[in-house]
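Inspection log for the structure reproduced underneath, given as structure tokens.
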Amino acid sequence: MSGAEQKTPARAPGLSASPASLSAWRDRLAAPARFSPFADALRALSPLGNRPKKSPPHELSYRPDIDGLRAIAVLGVILLHAGVEQLPGGFLGVDVFFVISGYLVHLQISSRLRERRFSPPDFYGRRLRRTFPALYAISAATLAAGLFILMPGDLDALARSAAAAALGVSNILFAAQTGYFDHDAITKPLLHTWSLGVEEQFYLISPLIPFALRNLSARARGIALIVLLVVDLAFCIFVQSLVPAITFFMMPPRFWEFLIGALVAEGFAPKTANRWIAEAVAVLALLSLLLSMLWISGAAAHPGLVTLVPCAATAALIHIGTFRKTLVTRLLSAPPLVFCGLISYSLYLWHWPLIVFARYLDLPESPAAVALGALLLFFLSVISWKYIEQPFRDPASPLRRRAAPILGSWLVILLGMSGALVSARGLPGRFSPRIAAITSYYDYAKRRDFREGTCFITSGYGSARYFDRGLCLTPSASQPNYLLIGDSHAAHLWAGFSRVFRKVHILQATASGCKPLLATQGLRYCVDLMHEALVDFLPAAKLDGVIFSAAWDAEDAAPLKATIDYAREFAPHVIVLGKIPSYDVALPALLGRSLVEHRPDLVYEHTSDYSKQVDSALAPAIGAENFVSLVDLLCSNGHCLTYAASDDVPLQFDDSHLTTEGSIVVAQRLAKLSAFAPLVDGVPARTGLRDR
């Protein structure tokens, strides 16, 4: 991530270092140390001899410990994305960057305002030169690589995200795309640019608060920032409970993280003259930051209260470093960490496209391959930092003097490339007509037949009030009535059930975000709908049967058994469909790649074993009379049915959800089972079961 710019000996524009700090920096690089290879590299790459000898009074001295914090942040993100399971909270590195940005930007703006030196064109020019040159270059390189690697749908999506990133709004794009049917992150090489969008949108409004507070006392400024912080944190927690994707991707719910940094910049936190207290607080803050990355997982409500831990720890480390050089400050100022922090923006930009392409191509993950990938990442990051980032910030560089026309032309080129790829739908002509037809199902979610917005409610609606009870839960007076209940893995069966089981009336109560269980947990709109269907509707409806289907987990066995026992009190025929076979990436992409790469076993290699594991947990708990395994229905010897209707129509349009044709095939196969005989015959289950 870019972070806010602070003046470093290796950076020409920005905040000048004081002579003392420059001298200390040179002495540290010159001193023999066990990290001398890093110091040598840093000396070779940093033009120290060209730095000004004095800093203007409004400029701020360089702090190597902040670059050390950047190193911890970016390494946490990279290790998490590389698959290091021992670091589940590595994503918190992004929040560390936000606090650092809030501190540096607020400090820069407020100091210039006090001396009446603040210039909006200068401020925004710095931000543009800091953020966009490397972003544009790496986005263009990613697009070029995608031409040779990605399937049409994935290339089309990449082009859209490249255009959004170039305009600083990729977080808005990804927030809009997020949903139950969003494509896997591993197919989105520029997904990580969402955080840059958040920062760029913060930069747009960042001068407003220092400007509004400029005439207040220091105490009043601190109190005002605390009030804003608390209000925005409460807003974040509220939105998190309703639409988590908005909280994650958008700037307003994360604004409080930047405010924490701004609060430190105002000097509102107390300083201690006691060295040992400062040392203890610094150690505690560093441990808190590291342990949060080790203990907090993606399952946490993030951002939210849990995010306060790494943010507060980062703020404490920054604050202590302003008045005392503790052992932790010296540790964070170690040359390896500092150099990693200096190139952290390029590291962040390069790491995710490299990981996505490597996994897309199924490259080996041996230790040697991982080491080679790490070296490639480091090499590309140093090159882009040295030859793209730095020249645009060096006052002596012609790139900096001509930054506006150069970046403008790069933007036009990048938008042109992206627009051409989007208009060409990802260039399916690169492949045979059959492959193009298969991979066209990439965006099938837009035309799925789930009755979304009426009988299937998703996070895009966010409320059970959109559920059409008259359409979805009105029993038939002339046909047996069966309730199809669950999440999207129930909704995708509607198309097949409504066409195959024509002698019965299928009612539908489906929503994404929770399971069809008594006392279920999940998103509020889903919980409300499941409660209405199971507790309010079912006891009074006198149904002939209920069919449960969902993306089950093994731990659902006990609550599902209790729910089934409850449902059988009100409906004589109760069926539970097991978890449908699934894949670690979208099935159409796998089918297309298997043809392109002449790898017929590729789909088999990417078939998840989890559905079978879940079946093993659910079947004994529920009993054979109520449970139907979709794995057994669709798979044989580990190889599952992948096409429906013809060899050009995938059974599923993503990693698990059925196409309309696939739904019909599944219903046709279910119709051959004795458990579904009443649905085929149209015999009322109450009478039919009594006669059997």
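Do you know which residues across segment 157-171 are at pLDDT 95 or above and in a helix (DSSP H, G or I)? Result: L158, A159, R160, S161, A162, A163, A164, A165, A166, S170, N171.
Please indicate, with yes or no, whether at least one residue in segment 23-35 is open to solvent by less than 40 Å² (accessible area, probe 1.4 Å), modelled with pLDDT under 50 and over 30 Å from P210 (Cβ atoms). Scanning segment 23-35 turns up at least one residue that is open to solvent by less than 40 Å² (accessible area, probe 1.4 Å), modelled with pLDDT under 50 and over 30 Å from P210 (Cβ atoms).
Per-residue answers, yes or no, for (1) under 26 Å from S241 (Cβ atoms); (2) in contact with a Gly (Cβ under 9 Å, 6 or more places away or on another chain):
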residue: G496; (1), (2): no, yes
residue: I506; (1), (2): no, no
residue: T510; (1), (2): yes, yes
residue: L523; (1), (2): yes, yes
residue: C526; (1), (2): yes, yes
residue: A533; (1), (2): yes, no
residue: A541; (1), (2): no, no
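In the set A312, A220, A224, A300, only one residue is outside any helix (DSSP H, G or I) and open to solvent by 20 Å² or more (accessible area, probe 1.4 Å); that residue is A300. Test H192 against the criterion of being of a type outside the set (S, T, N, Q) and modelled with pLDDT of 95 or more, and give yes or no. It is true that H192 is of a type outside the set (S, T, N, Q) and modelled with pLDDT of 95 or more.
For segment 499-519, filtering for residues that are surrounded by fewer than 19 Cβ atoms within 10 Å (Cβ to Cβ) and either on the phi < 0 side of the Ramachandran plot or of a type in the set (S, T, Y) (or both) leaves 4. Report yes if some residue within segment 345-359 is open to solvent by 20 Å² or more (accessible area, probe 1.4 Å) and not in a helix (DSSP H, G or I); otherwise report no. So far as segment 345-359 goes, no, none of its residues is open to solvent by 20 Å² or more (accessible area, probe 1.4 Å) and not in a helix (DSSP H, G or I).
When E452 is tested against (1) touching a residue at least 60 places away in the same chain (Cβ under 8 Å); (2) buried (at least 19 other Cβ atoms within 10 Å of the Cβ), only condition (1) is not met.
Determine whether segment 551-565 contains at least one residue that is among the polar types (S, T, N, Q) and farther than 30 Å from V649 by Cα. Outline the logic, then answer.
Going residue by residue through segment 551-565, those that are among the polar types (S, T, N, Q) are 563.
If we keep only those that are farther than 30 Å from V649 by Cα too, we end up with 563.
The answer is yes; a qualifying residue exists.
If you go through segment 281-297 and keep only what is of a type in the set (S, T, N, Q) and not in a helix (DSSP H, G or I), you end up with just S297.
Determine, yes or no, whether A269 is touching a Leu at 6+ places or on another chain (Cβ under 9 Å), among the hydrophobic types (A, V, I, L, M, F, W, C) and not in a helix (DSSP H, G or I). Lay out the reasoning, then the answer.
Values: touching a Leu at 6+ places or on another chain (Cβ under 9 Å): yes; among the hydrophobic types (A, V, I, L, M, F, W, C): yes; not in a helix (DSSP H, G or I): yes.
Yes, satisfied.
Test A403 against the stated conditions and say whether it is closer than 20 Å to A165 by Cβ, open to solvent by less than 50 Å² (accessible area, probe 1.4 Å) and modelled with pLDDT under 95.
Values: closer than 20 Å to A165 by Cβ: yes; open to solvent by less than 50 Å² (accessible area, probe 1.4 Å): yes; modelled with pLDDT under 95: yes.
Yes.
Of the helices (runs of 4 or more DSSP H) contained entirely in segment 428-516, those carrying at least 3 residues that are over 27 Å from L155 (Cβ atoms) and under 29 Å from the mean Cα position of the chain (by Cα) fall at 488-491. Would you confirm, using the coordinates I've provided, whether G426 is over 26 Å from K672 (Cα atoms), of a type outside the set (K, R) and out of contact with any Pro (no Cβ under 9 Å at 6 or more places or on another chain)? When the stated conditions are applied, G426 does not pass them.
Per-residue answers, yes or no, for (1) among the basic types (K, R); (2) surrounded by fewer than 22 Cβ atoms within 10 Å (Cβ to Cβ); (3) touching a residue at least 40 places away in the same chain (Cβ under 8 Å):
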| site | (1), (2), (3) |
| --- | --- |
| S170 | no, no, no |
| D184 | no, yes, yes |
| P189 | no, no, yes |
| V198 | no, no, yes |
| S206 | no, no, yes |
| F211 | no, yes, yes |
| L229 | no, yes, no |
| I246 | no, yes, yes |
| W256 | no, no, no |
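All told, P56 meets the bar of being at pLDDT below 95, more than 24 Å from A374 (Cα to Cα) and not hydroxyl-bearing (S, T, Y).
The values are calculated or read from the model by the stated rules, or taken from the named source; none is laboratory data. Small disclaimer: the values here were computed from a predicted structure and weren't measured. Glycine also receives a Cβ, built like all others from the backbone with ideal geometry; neighbour counts cover every protein chain displayed. Accessible surface areas use protein heavy atoms only, side chains included; no ligands, DNA or RNA. Shrake-Rupley method; radii C 1.70, N 1.55, O 1.52, S 1.80 Å.
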